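Note sheet for the following structure.
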Amino acid sequence: MWRDTPLIYVIIEKLRKINGTIKDEDLFKEVKKDISYEISFGDFLKALMSLEIRGIISVSLIRENTRMVTYLGEKE
C-alpha cells in the first residue's frame, strides 16, 4: 500500500508544532493519530535515526528505553 505522506515528513511536522522536546513514545502516539497507515515502533525509530543523521533532530537517552526528541530545525 502506498503511503499518503512519508513518515519522516509527519514526524517533522509534529515536532514543528510542539517546538520543544517530547518523549519518543508520546511522539509515536501523536504520529499514529495523524497517519492512515500502520507503522511499527521499529520503523518509527528508523525514521528518527534518519532525521538525527541529517541534523534535523537530536535524540537523547533518558532511561534505558526512553528517549527525548528535540527539534533542531532544518539545515539550509
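We did not get these values from a lab; they are worked out from the coordinates using the rules stated. A quick note: this is a predicted structure, and the numbers were derived from the prediction, not measured. Please note: Cβ atoms are built from the backbone with ideal geometry, for glycine as well, and neighbour counts cover all protein chains shown.
Quick one: how many residues across the stretch 10-33 are surrounded by 12 or more Cβ atoms within 10 Å (Cβ to Cβ), more than 13 Å from Thr70 (Cα to Cα) and not β-branched (Val, Ile, Thr)? Total meeting the criteria: 4.
Within the stretch 2-28, the set of residues being closer than 16 Å to Phe41 by Cα, free of Cβ contacts under 8 Å to residues at least 40 places away in the same chain and assigned to a helix (DSSP H, G or I) comprises Val10, Asp26, Phe28. Against the definition (loosely packed, with under 13 Cβ neighbours inside 10 Å and aliphatic (A, V, I, L, M)), how does Ile62 come out, yes or no? Yes.
Assessment of the stretch 41-60 against the conditions (in contact with a Ser or Thr (Cβ under 6 Å, 6 or more places away or on another chain), outside any helix (DSSP H, G or I) and either without any contact (Cβ under 8 Å) to a residue 40 or more places away in the chain or not aromatic (Phe, Trp, Tyr) (or both)) yields at least one matching residue.
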